[in-house]
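Only one structure is covered here, and it is reproduced in the block below.
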Amino acid sequence: MTDAELPAFPLGLRLEGRRVLVVGGGHVALRRVAGLLESGADVHLVSPAVEAALGDLADRGRLHWAQRPYAEQDVDEAWLVFACTDDPAVNAQVVADATARRIWCSRADDALGATAWTPATARTGPATVAVLSGRDPRRSVALRDAALAAVEAELHGRRAEPSRTPRTGGRVVLVGGGPGDPGLLTRRGYEWLAEADVVLVDRLAPLAVLDGLREDVEVIDVSKVPRGRFTPQEAINDLLVQHAAAGRTVVRLKGGDPFVFGRGMEEALACAAAGIAVEVVPGVTSAVAVPELAGVPVTHRGVSQGFCVVSGHLPPGHPDSSVDWTALGRSGLTIVCLMAVHTMPDIAAALLADGVDPATPVVAVQDGGLPTQRVSRSPLSGAADMMVREQVTAPAVVVIGAVAGVSEGIPGIG
Ligand SMILES: C[S@@+](CC[C@H](N)C(=O)[O-])C[C@H]1O[C@@H](n2cnc3c(N)ncnc32)[C@H](O)[C@@H]1O
């Protein structure tokens, strides 16, 4: 038996707060980073350039990015190393440096050159399913899916369903990914991801699911970072059409719901115009779920009989704004603002000027559903100061209305 044929020794690593080095900034690195962050790892990324979603994670303080080529001392403090560059010589050097320090190192381009292998994984409830089957990633993924179905049947009493016959022919599936926690992606969303040949992903989608995709799935980062890197919508539409026209199953994985400030219908129309079949999988929208995760209901009997969801990307009074803030202020509805971190001072000022009670509770929920979730509260009169004082940054959902005060101070909710 050669070394390559010996079975790998499986182990569950507890990475919370532990430094993990990822070398490389492309789509393979993105997959690994997403999975590592879900395990709470202290991720250090080294690469002269990175995908937009990785740059965004760095900007949001979720990982450390050294924007330069790899250097030997990078491995020094790491518990685990991933060599994910597209340069085999660099990857080999990373493995060699890690091995010299007895640090386990996975290598994206050459399994036999690595000291650790990354299994095909999936999580369901308290269970993590991880499958290694030699060096054939497709087989690992197929076995993982079969094992996952059995585990789910055991855990949840679900009937283990035989995997569906793969659908053929090019198509686009717009999948709403929920606010970022992979547990809030729907079952149908997971099913389509299992069939995808290409995944176009946004920065606010549940990035952790990328780590569970087959290794041969092409992942394309088309993030739009506010005031940062940006893939034009037309370019995204073209990519969807091109890949589907070539016979591929293209999953467009978005944050929240595709049709709530998600430009999903623009993409569906572009595909329809090109004769490409489109399916839409609704998602859990951050407009409702993010407040809920912080213990804030958007309606509550006796407090609010309805809610409206507004984009705050333009301030009240802006010539291109079509929102009637005066009417909203009078409506008695809960106001849920998305994309409003920078305009909240103007929104609060406009509502106050229109006579809305200055004591109206306001809550801002940043990074809802992620380990970095933060909740800030203030009466409307102090909302502008709160955004600055608490350094609220995007992504955040701001709720204005009496519902924001319903659970304040009550432990165990949210
Ligand atoms: C372009 S909109 C997309 C909304 C998405 N389609 C949805 O249904 O949730 C992006 C905005 O959604 C909100 N958002 C999305 N995910 C969030 C999260 N995890 N925490 C807080 N806000 C979030 C923020 O207001 C962010 O600026």
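The values are calculated or read from the model by the stated rules, or taken from the named source; none is laboratory data. Keep in mind that this is a model prediction, so the values were computed, not measured. Every residue, glycine among them, receives a Cβ derived from its backbone with ideal geometry; neighbour counts consider all protein chains shown. To get the accessible areas, we keep the full protein, side chains included, count just its heavy atoms, and leave off ligands, DNA and RNA. Shrake-Rupley method; radii C 1.70, N 1.55, O 1.52, S 1.80 Å.
Descriptive notes on the structure:
- Restricting segment 98-126 to residues that are β-branched (Val, Ile, Thr) and over 29 Å from VAL151 (Cβ atoms) leaves a set whose member that is most open to solvent (accessible area, probe 1.4 Å) is THR99.
- Positions within segment 301-313 being open to solvent by less than 50 Å² (accessible area, probe 1.4 Å) and either within 13 Å of the ligand (Cβ to nearest atom) or without any contact (Cβ under 8 Å) to a residue 24 or more places away in the chain (or both), in sequence order: VAL310, SER311, GLY312
- Residue in segment 307-322 that is touching a Phe, Trp or Tyr at 6+ places or on another chain (Cβ under 9 Å), outside any loop (DSSP other than H, G, I, E, B), among the small types (Gly, Ala, Ser) and at pLDDT 95 or above present: yes
- Looking across segment 248-275, the residues that are of a type in the set (Asp, Glu) and in a helix (DSSP H, G or I) come down to GLU266, GLU267.
- Among the residues examined, VAL288 does not qualify as of a type in the set (Val, Ile, Thr) and either assigned to a loop (DSSP other than H, G, I, E, B) or open to solvent by 60 Å² or more (accessible area, probe 1.4 Å) (or both).
- Every residue from segment 6-57 that is closer than 20 Å to THR128 by Cβ, small (Gly, Ala, Ser) and open to solvent by less than 20 Å² (accessible area, probe 1.4 Å): ALA34, GLY35, ALA41
- Condition check for ILE276: outside the structural domain of ASP197 (by TED's automatic domain parsing) and within 27 Å of the chain's Cα centre (by Cα): no
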